[in-house]
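*Asks:* Provided herewith is a single structure, encoded as structure tokens, for subsequent inquiry.
Taken together, the values in this text are just the output of simple stated rules run on the coordinates, not laboratory data. Everything numeric here is computed off the predicted structure, so don't read it as measured data. No Cβ is skipped: glycine too gets one built from the backbone with ideal geometry, and neighbour counts run over all protein chains shown.
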Amino acid sequence: MNKIRCYSCARDLQEGSLKYVVEIKSYADFDGFLEDYPGDVELGMVELLKELEDTDQKTLEDDVYQEMVLILCKACRDKFYKGLLDTAVPISVDRELKDTIH
Ligand SMILES: [Zn+2]
């Protein structure tokens, strides 16, 4: 049988014990607006494609989308949420911006 440990404190989480799955996803948002490119657009595209060829696949994927799944004990789950609330700067989401979030 696989042992399950809390991702944060490494405490053994026995079968049947209280544990939490925390899923964290972040992905690049596109608001439909493209900046004006200051130079030759075709040349810019060629340069961009060259840059992409030189960048490894994992880095490109991480720039667009990341996902984590953590198993936490109750104490660490509670600390996790408290930490989010203690450090989060209030975000004012106006109606127009909110509508672009998928
Ligand atoms: Zn823990």
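*Asks:* ILE71: net charge of surrounding residues, Cβ under 14 Å, Lys/Arg +1, Asp/Glu -1, itself excluded?
*Replies:* Details: positive: LYS3, ARG5, ARG11, LYS19, LYS74, ARG77; negative: ASP12, GLU15, GLU23.
That works out to +3.
*Asks:* Which entries in the list LYS25/LYS74; LYS19/LYS82; LYS25/LYS82; LYS3/LYS58; LYS3/LYS82; LYS25/LYS79 go over 23 Å, if you measure between the two C-alpha atoms of each?
*Replies:* Going by Cα-Cα distance, LYS3/LYS58; LYS3/LYS82 fall outside the 23 Å limit.
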